[in-house]
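One structure is given here, and the rest of the page talks about it.
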Amino acid sequence: MSLLPSFELIRAASLAEVVAARRSHADCRLLAGGTDLIANLRHGLGSPATLVDITGLPGMQEIAIEPAGLRIGAGVALSRLVDDPLIRRQAPVLAEAAAAVAGPTHRASATLGGNLCLDTRCVFYNQSEWWRHSNDFCLKHRGTVCHVAPTGNRCHAAYSGDTAPALLVLGAQAELGGGGGKRWIALDELFREDGAAHLALGADEVLLSVRLPIAAGLTAGYEKARLRRAIDFPLAGVAVSLRRDGDALAELRIALTGTNSRPLLVSGCETLIGHPLDADALQQIGKLVQKQVAPMRTTIAPAHYRRRVAAALASRLAARLFSAPTPA
Amino acid sequence: MPMILSLTLNGRPRTDLVSDNLLLVEYLRDVAGLTGTKRGCDGGECGACTVLIDGAPQHACLTLASRCGGRHVETIEGIGSPGRLSRLQRAFHEKLGAQCGFCTPGMIMAAEALLRRNPDPNEAEIREALSGNLCRCTGYVKIIESVQAAAGDAT
């Protein structure tokens, strides 16, 4: 007996072919590296009749400097992001975040687009079919109740992509393509706070690439807490970017993953601009993070731990970056 | 839907009819009869199914066989031969890197990819290269010593 449900694999060579495949096959999923999708299908989390391989679309494998910034195709493998000289020079935080995804064997096939569009995760969802069946399934798949918050009306599964916060603190944009053509949006607008529908993509839209502005003098880093240090999804992951002007902070962005149903760009950081990053400011960063994250009972580590570890990682990372030498 | 898959398996070209949903680990074990590649978990967590695809270590349990057309796939059966162990197999044998042996094919394939890329890795680089491979017997110390011994053999 096959480990996977039966499906037809379509290799799309153009965006038009993806759109046509999705219009003619109602139950259709997009396939890139497959490291998350194939594992989920093995767990019975969906049984699509069609998979569309999008890694062969034009531009999906490109990394290039363009007038508007550094453009990275959504099909670029994470292992390539870790090693690529252009990425390491222009966006080292992205290489750092990509290196924090799973293990080298996953990174060899997992893609940037797949990591950005990663399905949300939950202890009640990422389980075997018989486990979920015995629990009457859950709101995210085949059930009617979110076991994390049974009185609520939405799924609380946590977003767990590591590369999203790194791109958010760099002010990335995302290129989407579909039947209506292509469009650019701020990466932040790609996500929604709903574990069962966390991507704001149109029905026939695909993430094609991301673009980063080239920003001189910005220092950025990424850190995550996880249960299995060698390979695991983040219990909480934090990216920070900052610019220092003398003894004062000139720019600060903080983004989180693993704590909400979407990657979260922390608001209120502007209140710290123009001041030194002293103990009070670091405490303020911790408070901003603690106030805005909303971890729920979606991992075996308790939510209050993830809230506190997110705050600790953010202030610790900001302190390290503030005292690091300013990049050229 | 069935398709014709032509690939190079352990240096030899072969062609088979496979279904779109056939995983590479199923193809290797059930179609090609190469049972050295193990199925240890239910999806990418243990690394026991690690094979090399065009020289890069990948999970055969997360890879569709039908996406391997035209590619070079190497399994543990392509490393060494009966009576003629490879340097890694010899080192795992002599340094007691294998206990129950279930994780060993995956460990050796991941280590083989590392040593081809970096013939003289330090301990941190070995740990990183094997970070996707679980072993429930050895505690990893003997495995790392085995890879170090194999690297030393080559120099």
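What to note about this one:
- If the Kirkwood radius is taken over C-alpha pairs of the stretch A:65-208, then at 4 °C and 1.567 mPa s the Stokes-Einstein diffusion coefficient equals 78 µm²/s.
- Cα centroid of the stretch A:206-260 to Cα centroid of the stretch B:7-70, whole Å: 35 Å
- When the alpha carbon coordinates of chain B are projected onto the principal axes, the ranges are 46, 30, 27 Å, largest first.
- A DSSP coil position with no more than 16 other Cβ atoms inside 10 Å describes the following GluC sites (Glu not before Pro) in the stretch A:147-203: A:193.
- Shielding of peptide A:104-114 by partners, expressed as the average count of other chain Cβ atoms within 10 Å per residue Cβ, is 6.
- Per-residue mean of C-beta atoms belonging to partner chains within 10 Å, peptide B:65-74: 1
- The stretch A:1-56: relative contact order as a whole-number percent, Cα under 8 Å and 6+ apart: 55 percent
- Sequence-distant lysines (8 or more away, or on other chains) whose Cα lies within less than 22 Å of residue B:142: B:38, B:95
- Among A:14, A:134, A:209, the residue with the largest mean-square fluctuation in a Gaussian network model of chain A, with springs joining Cα atoms closer than 10 Å, is A:134.
- Global form of the stretch A:1-143, assessed from the alpha-carbon gyration tensor, a/c cut-off 1.5: oblate
- Cα gyration tensor shape of the stretch A:49-90, rounded if a/c is under 1.5, else prolate or oblate by comparing a/b with b/c: oblate
- Max mean-square fluctuation residue, GNM over chain A, Cα-Cα springs under 10 Å, options A:239, A:248, A:100: A:248
- The stretch A:47-75-the stretch A:89-127 distance, computed between alpha-carbon centres (Å): 15 Å
- Assigned charges on the beta-carbon of Lys, Arg, Asp, Glu; chain A dipole about Cα centre (debye): 680 debye
- Residue among A:257, A:163, A:271 with the largest mean-square fluctuation in a Gaussian network model of chain A, springs linking Cα atoms under 10 Å: A:271
- Its relative contact order, with pairs defined as Cα atoms under 8 Å and 6+ residues apart, puts chain A at 15 percent.
- Cα gyration tensor category, rounded, prolate or oblate, for chain A with a/c compared to 1.5: oblate
- Averaged over the residues of peptide B:49-59, the number of Cβ atoms from other protein chains lying within 10 Å of each residue's Cβ is 4.
- Cα centre as origin, Lys/Arg/Asp/Glu Cβ charges: the stretch B:2-78 dipole, Debye: 160 debye
Every read-out reported here was derived from the displayed coordinates using simple, explicitly stated rules and does not represent laboratory data. Source: prediction; values computed, not measured. We place every Cβ from the backbone using ideal geometry, glycine too, and count neighbours over all the protein chains shown.
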